[in-house]
There are 2 protein chains.
Amino acid sequence: MPYRAPVSDFRFLFDHVVGLDQVAATDLFAEATPDMVEAILNEAGRLSSEVLDPLQRAGDLNPAVLENGKVRCSPGFAEGYRAIAEGGWIGISARPESGGMGLPMAVTTAVNEMMAGACLAMQLNPLMSQGQIEALEHHASDEIKALYLPKLISGEWHGTMNLTEPQAGSDVGALRSKAVPNGDGTYAITGTKIFISWADTDFIANTCHLVLARLPDGVRGTKGISLFMVPKLIPDENGNPGQANNLKVVSLEHKMGLHASPTAVMEYEGATGWLVGEPHQGMKAMFTMMNNARLGVGVQGLGAAEGAYQHALAYALERKQGRTPLGDGTIADHADVRRMLLTMKSEIHAARAITLACGVAIDMANATAQADWKTRAAFLTPIAKAYGTDTGTKVANLGLQVHGGMGYIEETGAAQYVRDVRVTEIYEGTNGIQSMDLVARKMVDGGEMAFRLIDEIEGAAEAVRGDFPDMAGAVWDAAETLREATEWLVSQDDMNERFAGAVPYQKAFARVLGAHFHLKSAVAEGGAGPRSELARFYISRLLPEHAAMLIHAKAGAKGLYSISVDDLSA
Amino acid sequence: MPYRAPVSDFRFLFDHVVGLDQVAATDLFAEATPDMVEAILNEAGRLSSEVLDPLQRAGDLNPAVLENGKVRCSPGFAEGYRAIAEGGWIGISARPESGGMGLPMAVTTAVNEMMAGACLAMQLNPLMSQGQIEALEHHASDEIKALYLPKLISGEWHGTMNLTEPQAGSDVGALRSKAVPNGDGTYAITGTKIFISWADTDFIANTCHLVLARLPDGVRGTKGISLFMVPKLIPDENGNPGQANNLKVVSLEHKMGLHASPTAVMEYEGATGWLVGEPHQGMKAMFTMMNNARLGVGVQGLGAAEGAYQHALAYALERKQGRTPLGDGTIADHADVRRMLLTMKSEIHAARAITLACGVAIDMANATAQADWKTRAAFLTPIAKAYGTDTGTKVANLGLQVHGGMGYIEETGAAQYVRDVRVTEIYEGTNGIQSMDLVARKMVDGGEMAFRLIDEIEGAAEAVRGDFPDMAGAVWDAAETLREATEWLVSQDDMNERFAGAVPYQKAFARVLGAHFHLKSAVAEGGAGPRSELARFYISRLLPEHAAMLIHAKAGAKGLYSISVDDLSA
């Protein structure tokens, strides 16, 4: 059962739920006509099913390895990468002047989801390059742009992000890597970086590391950090890969999943680097990269969820066990299996709508430069990241469960989804960090964007209450409960009171937003049909979870510290 | 950080929450004095920390393999098994007349939890033997008992369960294995069995397979199934392992976890077997074994949760990232990490209380032969199995999350808990099957036992409402909501209406029961102290989840079938 691209769901969401037409109506994205988008989706879908899907299991069984200091990649990944690059999928949202397609992030989001659903380990490679391309477009000098962007976009070279150090994970500001001016405009970069995804390959001509390091006059913490381009092979005067830089892959990690993606410890020993952006402004540039990477990682979780769902559904539709309520049917007819399948499908639809809506907000911010869209994109990003990846783990685990004992056997592939997707809840900022970002930084406006979204949700529900009393009423009530919790949150000046319930709050926001989008889908369908039934399932059976989440969100920090660390260990 | 046995929590629960004193007051278990129990817990705790814990990672890295038809086990497992056997831990609840210790199941439950917490793959071996011992005690002929029980209890031999066939998983009645009388009182067993845990070893003298098969006159379905003892080596006249039986390990599975436990496809080719129990009554005997095995598997999940919790806590107490609310503390001082640690610890306390209470009910049923205790044990078993194992997966995943990126690296061991424990939600009857058992078979009494437990919960809450208004009020209210849902459930004659919400109902029952036991812990502590704070955390932040679960439980089957199978695939 190869991966099947959910093109019709993308089209439906674009046309009826997240409003891609607004994006296509801007000058910047005038090319994103329905026909163009349809063609893009079909083509990326075909790539995913035919080229990337076969890599999934092969990559798991044959991890990337380090041999004599060189990374040897999993079989078939060179060809898979080449197909992605040749399709133009790396630079799908990159600016046309550097060779990109200049298409909306919403479309990239759909394309990335399909590639991730077919083979997460492979898709992580272009995702890293996409982040780097964006960072360079916004912050690099014209010289760096001219040299690197065309090669990154074409896939001739690829990019990585080097943030984490052993002592500096979530606390990026604790990093120790140093950058010392060489006097010729370059810098000598020294330090150890860990968890570097796709740190090297045996099938791409050069690897471009974006590295965070501290200049000699950089203050402690995040404000003293600068960003550097540190290529594996230093480009010669013609821009071709030349002399080897003073950097190396020290080791590859043995990970729970994503075996085909080489995750490295990198050592920089006076490697030559070029400053990207202003001195000490590295975090700003990094955040450009990270914000879109966060959406990108949320989409990875969602993609894996879709893959796991299709995989479990195919199994359920073949497997027979016992008499079913519909006669001698497959296990898909057993109520409990149906419950699992509908949970999976409805979570995916909700998460997909949220990630696409986040993409649309990014596109509208880029196309209109309106602060409102920018704030909306910033607000939706941590929700898209956390909900997309939590959905990945939840759906992959349900998929395994649908398989019964066979799910635990690696040959079926169900377990691989669970193992591969698990890291998405962690990297690019753990979901705890995302949630803290949501309740603190994304509410420095006093919760204005949160309330605006809640207004929108309530308004949309109110507008269809006559025709859809049950669903609209439930969504409106839930939004109102979310409003009360939001009011409580923004009234807390002590951030730790907010942090105590940040994760349950983020989950509740996603639940309510997911229900909102489901309702929109049902309305667009006229209330009768599979999308409407899926909406009913989500709204009547999953949405109620928001209430307990919001009680938890408002429980505050006090009870967390009334048990001493000693008693935790007792 | 080796595993530390949570002896004080066991003692507290035994003394103040689940009432082990009632058990010790019976003639059958008069030996289970507090001193004796204390000594047992300490000794099993020491074994777990010192002998079993070191096997955990070694077993993961060096899976059991099949070489030239023989199973080669993971390094150290022979010694680990010997230590378990020599400690008498296999036969801890077995009858003294066959060499068992005759101790209560409640105590076995604690011992098994510790062994599972230290090394799940190792503990699975004696757990299988324990189930077989129990089945033989209840159903085997005196001859079989005399021959097999002493050797199983001493650990000289070990036991397996052979239920599943490729086409017969959850639907055991579909099995095809045949048993043909040989005319000498033995039977020729032929068939293929899959998912056989610890199907063979290179360190135990004989393997005793209990195999379900159909006699020539066996009807279709579960009513035509009989149970057979089929030893790997046929005992000679002196009861020593003699001639090899006609059976073989065909292959070992590549599993997501539990690598050290050889999970086999077994082929029986006219193997010699002895009938256990009456012809066609195999399912009855199997259910004896499975009921206690279900509690045993719930305890496996719980044990893994405790191991994962300790592991994550140790990491959190060493790792520093950023400024914490308590100054320059470890990440354990960050509110979100605290939330995760307290969630883990409070789920474990609740699940532990439920498994021990189930053990007490089994003991009281055995000691008093009162139907009420038997019904209670039967009711609590699927909850203990499902909640214990769901807690295993939830806590192991939170433990991985506490580690951040390090959790995804296999060397830290956090991921192994996630991988190992995952199967416990599946084997011995999936948690879906457990939940269906709860709402159907365990409610054929019209829900009498459910209502009795709810009465108990409400009574206990009512009794302390004056001193603990918040906690007692919340528990009482939740129990009342559970009562309403139970009334709805038992009023549904169409079982599929119950099955549609069986899993959420079972989860809600566990939530309310867990809150009840937490409240009892708090009351026993006088309302001030770490157990009381943990109870407050659970009751105020996790118990509210019961409401959405019960809405889901009552949502019925209709909405599950309003989306066609074709639309599920669309």
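Specify which of the listed residues (B:L13, B:L103) is among the aliphatic types (A, V, I, L, M), on the phi < 0 side of the Ramachandran plot and in a helix (DSSP H, G or I).
Going through B:L13, B:L103 in turn, just one is among the aliphatic types (A, V, I, L, M), on the phi < 0 side of the Ramachandran plot and in a helix (DSSP H, G or I): B:L13.
Restricting to the range B:135-156, give me the number of residues that are within 26 Å of B:G429 (Cβ to Cβ) and crowded, with 21+ Cβ neighbours inside 10 Å.
8
Test of understanding: among B:A78, B:A39, B:A44, B:A83, which residue is closer than 20 Å to B:G388 by Cβ, at pLDDT 95 or above and assigned to a helix (DSSP H, G or I)?
B:A44
Taking into account only those residues within the range B:161-195 that are within 28 Å of the chain's Cα centre (by Cα) and farther than 24 Å from B:M436 by Cα, which is nearest to the other protein chains (Cβ to nearest Cβ)?
Looking at the filtered set, the residue picked out is B:K193.
Scan the range A:362-375 for residues that are under 23 Å from A:A502 (Cα atoms) and either surrounded by 22 or more Cβ atoms within 10 Å (Cβ to Cβ) or among the hydroxyl-bearing types (S, T, Y) (or both) and jot them down.
If the condition is that a residue be under 23 Å from A:A502 (Cα atoms) and either surrounded by 22 or more Cβ atoms within 10 Å (Cβ to Cβ) or among the hydroxyl-bearing types (S, T, Y) (or both), then A:T375 is the only one that fits.
Which members of the range A:403-418 meet the condition of being touching a Lys or Arg at 6+ places or on another chain (Cβ under 9 Å) and either buried (at least 24 other Cβ atoms within 10 Å of the Cβ) or at the interface with chain B (Cβ under 10 Å from one of its Cβ atoms) (or both)?
A:H403, A:G404, A:M406, A:G407, A:Y408, A:I409, A:E410, A:E411, A:A415, A:Q416, A:V418
Just one of B:A548, B:A524, B:A570, B:A557 is modelled with pLDDT under 95 and surrounded by fewer than 24 Cβ atoms within 10 Å (Cβ to Cβ); which is it?
Of B:A548, B:A524, B:A570, B:A557, the one residue that is modelled with pLDDT under 95 and surrounded by fewer than 24 Cβ atoms within 10 Å (Cβ to Cβ) is B:A570.
Output yes when any residue across the range B:427-434 is part of a helix (DSSP H, G or I), in contact (Cβ under 8 Å) with a residue 24 or more places away in the chain and facing chain A (nearest Cβ under 8 Å), and no when none is.
The answer is yes; a qualifying residue exists.
Tell me which of these A:P63 doesn't satisfy, since it passes every other one: (1) buried (at least 16 other Cβ atoms within 10 Å of the Cβ); (2) assigned to a helix (DSSP H, G or I); (3) out of contact with any helix residue (DSSP H, G or I) (no Cβ under 9 Å at 6 or more places or on another chain); (4) not hydroxyl-bearing (S, T, Y).
(2)
What's the number of the condition A:A32 fails, among (1) within 25 Å of A:D363 (Cα to Cα); (2) surrounded by fewer than 20 Cβ atoms within 10 Å (Cβ to Cβ); (3) in contact (Cβ under 8 Å) with a residue 60 or more places away in the chain; (4) over 22 Å from the mean Cα position of the chain (by Cα)?
Among (1) within 25 Å of A:D363 (Cα to Cα); (2) surrounded by fewer than 20 Cβ atoms within 10 Å (Cβ to Cβ); (3) in contact (Cβ under 8 Å) with a residue 60 or more places away in the chain; (4) over 22 Å from the mean Cα position of the chain (by Cα), the lone unmet condition for A:A32 is (2).
Can you spot a residue in the range A:357-379 that is assigned to a helix (DSSP H, G or I), within 14 Å of another protein chain (Cβ to nearest Cβ) and in contact with a Lys or Arg (Cβ under 8 Å, 6 or more places away or on another chain)? So that I can check it myself, show each step before the final result.
As a first pass, look at the range A:357-379 and keep what is assigned to a helix (DSSP H, G or I): A:357-368, A:371-379.
If we keep only those that are within 14 Å of another protein chain (Cβ to nearest Cβ) as well, we get none.
Checked against the condition, which is being assigned to a helix (DSSP H, G or I), within 14 Å of another protein chain (Cβ to nearest Cβ) and in contact with a Lys or Arg (Cβ under 8 Å, 6 or more places away or on another chain), the range A:357-379 yields no hits at all.
Would you mind telling me which numbered condition in (1) of a type outside the set (D, E, K, R); (2) more than 8 Å from chain B (Cβ to nearest Cβ); (3) under 13 Å from the mean Cα position of the chain (by Cα) A:G399 fails?
All conditions pass for A:G399, except number (3).
Taking only pairs six or more apart or across chains, which ones have beta-carbon atoms under 9 Å, a first residue in the range B:323-340 that is more than 7 Å from chain A (Cβ to nearest Cβ), and a second residue that is charged (D, E, K, R) and in a helix (DSSP H, G or I)?
As it stands, the answer is B:T324/B:D333; B:L326/B:D333; B:G327/B:D333, since those pairs meet every condition given.
Here is a list of conditions, (1) within 14 Å of chain A (Cβ to nearest Cβ); (2) farther than 23 Å from B:R11 by Cβ, and B:H349 meets all of them except one; can you say which number that is?
The number of the failed condition is (2).
Each row is one residue, and each column tells you yes or no for (1) closer than 17 Å to A:E480 by Cβ; (2) at the interface with chain B (Cβ under 9 Å from one of its Cβ atoms); (3) without any contact (Cβ under 8 Å) to a residue 40 or more places away in the chain.
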| residue | (1), (2), (3) |
| --- | --- |
| A:E497 | no, yes, no |
| A:A500 | no, yes, no |
| A:Q506 | no, no, no |
| A:G514 | yes, no, no |
| A:H518 | no, no, no |
| A:A524 | no, no, no |
| A:A528 | no, no, yes |
| A:I539 | yes, no, no |
| A:H552 | no, yes, no |
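One line per residue, one yes/no per condition, for (1) surrounded by fewer than 23 Cβ atoms within 10 Å (Cβ to Cβ); (2) within 21 Å of the chain's Cα centre (by Cα); (3) touching a residue at least 12 places away in the same chain (Cβ under 8 Å); (4) over 25 Å from B:E113 (Cα atoms):
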position	(1), (2), (3), (4)
B:D420	no, yes, yes, no
B:G446	yes, no, yes, yes
B:E462	yes, no, yes, yes
B:R465	yes, no, no, yes
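Among the residues of the range A:435-444, what is the count of those that are touching a helix residue (DSSP H, G or I) at 6+ places or on another chain (Cβ under 6 Å) and either facing chain B (nearest Cβ under 10 Å) or surrounded by fewer than 24 Cβ atoms within 10 Å (Cβ to Cβ) (or both)?
The number of residues fulfilling the criteria is 6.
Could you tell me which numbered condition B:Q132 fails, if it satisfies all but one of (1) surrounded by 24 or more Cβ atoms within 10 Å (Cβ to Cβ); (2) over 27 Å from B:A213 (Cα atoms); (3) polar (S, T, N, Q)?
(2)
I'm checking my understanding of the structure. Among residues of the range B:326-341 that are in contact with a Lys or Arg (Cβ under 9 Å, 6 or more places away or on another chain) and part of a loop (DSSP other than H, G, I, E, B), which one is surrounded by the fewest Cβ atoms within 10 Å (Cβ to Cβ)?
Among residues in the range B:326-341 that are in contact with a Lys or Arg (Cβ under 9 Å, 6 or more places away or on another chain) and part of a loop (DSSP other than H, G, I, E, B), the one surrounded by the fewest Cβ atoms within 10 Å (Cβ to Cβ) is B:D328.
Could you pull out the residue among A:G303, A:G257 that is part of a loop (DSSP other than H, G, I, E, B) and out of contact with any Ser or Thr (no Cβ under 6 Å at 6 or more places or on another chain)?
Step by step, each of A:G303, A:G257 is checked, and only A:G257 is part of a loop (DSSP other than H, G, I, E, B) and out of contact with any Ser or Thr (no Cβ under 6 Å at 6 or more places or on another chain).
Check the range B:230-239 and report whether any residue there is buried (at least 18 other Cβ atoms within 10 Å of the Cβ) and within 14 Å of chain A (Cβ to nearest Cβ).
no
Any residue in the range B:63-76 that is on the phi > 0 side of the Ramachandran plot sitting within a Cβ distance under 7 Å of a residue that is not in a strand (DSSP E or B)? List the pairs, counting only those 6 or more apart or interchain.
B:G76/B:P54; B:G76/B:L55; B:G76/B:A58
Restricting attention to the range B:267-312, and to residues there that are among the hydroxyl-bearing types (S, T, Y) and at pLDDT 95 or above, which single residue is farthest from B:T412 (Cα to Cα)?
B:T272
Looking only at the range A:286-306, filter to residues that are more than 17 Å from A:P126 (Cβ to Cβ) and buried (at least 24 other Cβ atoms within 10 Å of the Cβ); which one of those is farthest from the other protein chains (Cβ to nearest Cβ)?
My answer is A:M286.
Which one is farthest from the chain's Cα centre (by Cα) among residues in the range A:521-570 that are in a helix (DSSP H, G or I) and hydroxyl-bearing (S, T, Y)? It would help to see each step written out before you state the result.
As a first pass, look at the range A:521-570 and keep what is in a helix (DSSP H, G or I): A:521-524, A:530-542, A:545-553, A:558-561, A:565-569.
From what is left, the residues that are hydroxyl-bearing (S, T, Y) are A:521, A:532, A:538, A:540, A:561, A:569.
Numbers: A:S521: 23, A:S532: 27, A:Y538: 23, A:S540: 28, A:Y561: 33, A:S569: 35 Å.
Across the range A:521-570, the extreme among qualifying residues is A:S569.
The values are calculated or read from the model by the stated rules, or taken from the named source; none is laboratory data. Owing to the predicted nature of the structure, the values given are computational and were not obtained by experimental measurement. Every residue, glycine as well, gets a Cβ built from its backbone with ideal geometry; the counts of neighbours run over all protein chains shown.
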